[in-house]
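See below for the structure under consideration.
The values are calculated or read from the model by the stated rules, or taken from the named source; none is laboratory data. Quick caveat, the model's predicted, so the values are computed rather than measured. Because the Cβ atoms are built from the backbone with ideal geometry, glycine has one as well, and the counts that use them run over all protein chains shown.
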Amino acid sequence: MRIEGLDIELARHLGDVPALDLGDIAATRALVSEPIPTPAADGVVVTDVVAEVGGHSVGVRVTKPSQTAGCPLPIVVEMHGGGFVLGSAAANDDTNRTMASEIPCIVVAVDYRLSPEFPYPAAIVDCVAAVRWAAGSAERWGGDPGRIGVLGTSAGACLAACTALRVRDEGGPALAMQALIEPALDDRADTPSMIDGADAVFWNSRNALLSWQHYLAGRAPDEYTTPSRRTDLSGLPPTYLTVNELDPLRDQGLDYARRLLEAGVPVELHCWPGAFHGFRMFDTDLTRRTRAADLVAIRRLMGS
């Protein structure tokens, strides 16, 4: 199959792309296997913790350098992707280890509750609690409570964006940055990239819409459920945002970046050419370049 504009290396992996169907959650969860946890290595320590804040508990996975120079480290609270229905705090172990080691920083990956069993607002409640726990327990882990950022991928980027809005509205903690990777930010399907994305690789428009249906569970979408519906984006932290050229979610990410800029929020925006949603699952030159760009941007925004 030939796809116009697809990166040449990614084209060689088309036969390895999982065929997701969010119309069947059980089958999709069985298809997408979780990474097998590996022993701590490469200069990092990984610890699973139950974070408790104000009577609410959420599991988090803390990854930090095993050796530090004695200075408090910035903290990145990470929300995994998975269409609101897949994944866990261990989903991005490899990239979180790399981030902890190379920035360096402390990564707090959130094991937020999944839809459809736990629809909105369960996941956001968990993510906000994790941010507040990170701020309150920063010194215990050698972290700097004044340098906390949020990072999310796909549906996790929606949760990161909503978390940034919640803590802005509810008195903190103040965030140093938000990093939104190939973000799902809008439940609507009226952009050109969504309209053209019916046959997109890996993540098509149908799955995108189904993910929102599972997440909202019949609730009418509004500016609290959906970042793109929020009218006031002022006062949000400096933002790193990436989109993919061949991704149905591309245009909603571009529009959010534009609106952030209009609201006076500093934004670094990347559109990765020839890339589909989830392309980072494959080791290609483009993937390596995107991950390197992520690290540079997060390091800069976190003041490392």
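Structural remarks
- The range 284-304, subset part of a loop (DSSP other than H, G, I, E, B) and more than 19 Å from the chain's Cα centre (by Cα), residue nearest to residue 178 (Cα to Cα): 303
- Among the residues of the range 91-110, those that are touching a strand residue (DSSP E or B) at 6+ places or on another chain (Cβ under 7 Å) and not in a loop (DSSP other than H, G, I, E, B) comprise 96, 97, 99, 100, 101, 106, 107, 108, 109, 110.
- Every pair of residues 6+ apart whose Cβ atoms lie under 7 Å, when the first sits in the range 226-249 and is over 27 Å from residue 5 (Cβ atoms) while the second is hydroxyl-bearing (Ser, Thr, Tyr): 227/256
- When every residue of the range 207-214 is checked against the conditions, none turns out to be more than 20 Å from the chain's Cα centre (by Cα) and surrounded by fewer than 21 Cβ atoms within 10 Å (Cβ to Cβ).
- Residue in the range 52-63 that is in contact with a Lys or Arg (Cβ under 9 Å, 6 or more places away or on another chain), modelled with pLDDT of 90 or more, of a type in the set (Ser, Thr, Tyr) and in a strand (DSSP E or B) present: yes
- Of the helices (runs of 4 or more DSSP H) lying entirely inside the range 166-264, the ones with 2 or more residues being modelled with pLDDT of 95 or more and within 21 Å of residue 297 (Cα to Cα) are found at 250-262.
- Tally, over the range 269-283, of residues that are part of a loop (DSSP other than H, G, I, E, B), aromatic (Phe, Trp, Tyr) and closer than 27 Å to residue 259 by Cβ: 1
- Residue match in the range 10-33 (condition: surrounded by 13 or more Cβ atoms within 10 Å (Cβ to Cβ), modelled with pLDDT of 95 or more, within 26 Å of residue 158 (Cα to Cα) and among the basic types (Lys, Arg)): no
- The set of residues in the range 239-275 being buried (at least 19 other Cβ atoms within 10 Å of the Cβ), under 16 Å from the mean Cα position of the chain (by Cα) and over 13 Å from residue 161 (Cβ atoms) consists of 242, 243, 244, 247, 250.
- Subset of the range 111-161 that is touching a His at 6+ places or on another chain (Cβ under 6 Å) and in a loop (DSSP other than H, G, I, E, B) - its residue that is surrounded by the fewest Cβ atoms within 10 Å (Cβ to Cβ): 116
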